[in-house]
Amino acid sequence: AQSVTQLGSHVSVSEGALVLLRCNYSSSVPPYLFWYVQYPNQGLQLLLKYTSAATLVKGINGFEAEFKKSETSFHLTKPSAHMSDAAEYFCAVSDYTGRRALTFGSGTRLQVQP
Amino acid sequence: DAGVIQSPRHEVTEMGQEVTLRCKPISGHNSLFWYRQTMMRGLELLIYFNNNVPIDDSGMPEDRFSAKMPNASFSTLKIQPSEPRDSAVYFCASSFEKNQPQHFGDGTRLSIL
């Protein structure tokens, strides 16, 4: 079985501040992990993915995430928030065997205050 | 390259009517997924296909919902008869393999009056 928990359905930061969005996963086999972003009235777009190579993964728009096996976490960070980062962010888990499709978390809505 | 194409983008219809949503996946992708997104329930996987074969339809809410994938480049999600509680945004996504990144369409915003 696999599952994803995103802590905090809403996160608010000031422009220029650090962004930290939390994701913890559960998987019985080595996971593949993904972060997606959804802007209003659009579908989900892939931000970054972890597929068992480097544990620190860099994505688009200055975002990165670190895979920590001991903590079963894959938190998303960005050093300095921009107004344009305001969106909903989804963490997702799959597995290297290919037997399972992605399981998505419930999402975290990021607000960026001027 | 064209992404996942969904049609229509918006659909407003009266309850009891049949609704058909359409999806064209990215060429070469062999997995296709239908999702429903609402404020109350978030993003829900309804059904997914691998090589045009339905693999997991456990998320389909009830018999009023059906999905088909007659070939690798086309899929439909049908609701008959539609009810107001079916109002949501329906997304189609495709991927090269079912555990690989999924590419989403822009969704169909469905309103059942």
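The values are calculated or read from the model by the stated rules, or taken from the named source; none is laboratory data. Keep in mind that what you see is a predicted model, and the values were worked out from it rather than measured. Backbone-built Cβ (ideal geometry, glycine too); neighbour counts: all protein chains shown. Please note that ligands, DNA and RNA were not included when accessible areas were found on the heavy atoms of the full protein model with its side chains. Shrake-Rupley method; radii C 1.70, N 1.55, O 1.52, S 1.80 Å.
Quick look at the values:
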quantity: Probe 1.4 Å, accessible area per residue of chain A, Å²; calculated: 48
quantity: Residue-level accessible surface for A:Ser52, protein heavy atoms, 1.4 Å, Å²; calculated: 80
quantity: Formal net charge of residues neighbouring B:Leu113 (Cβ-Cβ distance under 15 Å; K, R +1; D, E -1); calculated: -3
quantity: Interface burial for B against A (accessible surface, 1.4 Å probe, total of both chains, Å², rounded to 100); calculated: 1400
quantity: Residues in the stretch A:41-70 reached by a label modelled at A:Ser80 [backbone nitrogen below 17 Å; 7 Å Cα→Cβ]; calculated: A:61-64
quantity: Max mean-square fluctuation residue, GNM over chain A, Cα-Cα springs under 10 Å, options A:Glu71, A:Glu15, A:Glu88; calculated: A:Glu71
quantity: Positive minus negative residues near A:Gly62 (Lys, Arg vs Asp, Glu; Cβ under 15 Å); calculated: -2
quantity: Backbone HN-Hα couplings from phi across the stretch A:68-80 [Karplus 6.51/-1.76/1.60, Hz, Gly and Pro as x]; calculated: 10, 4, 5, 9, 6, 10, 8, 6, 9, 9, 8, x, 9
quantity: Sulfur and carbon atoms: percent of accessible area, chain B [1.4 Å]; calculated: 49
quantity: Cα centroid separation, the stretch A:69-108 to the stretch B:43-98 (Å); calculated: 23
quantity: Derived scalar couplings ³J(HN,Hα) [the stretch A:50-59; Karplus, 6.51 cos²θ - 1.76 cosθ + 1.60; whole Hz; x for Gly, Pro]; calculated: 10, 9, 6, 8, 5, 6, 9, 10, 9, x
quantity: Chain B, relative contact order in percent, only Cα pairs under 8 angstrom and at least six apart counted; calculated: 37
quantity: Rounded to whole Hz, the Karplus (6.51, -1.76, 1.60) HN-Hα couplings of the stretch A:84-91, x for glycine and proline; calculated: 5, 7, 4, 5, 9, 10, 10, 9
quantity: Cut-off 9 Å between beta-carbons: net charge of the residues surrounding A:Leu48, Lys and Arg +1, Asp and Glu -1; calculated: +1
quantity: Gyration tensor (alpha-carbon) shape descriptor, the stretch A:10-49, a/c threshold 1.5; calculated: oblate
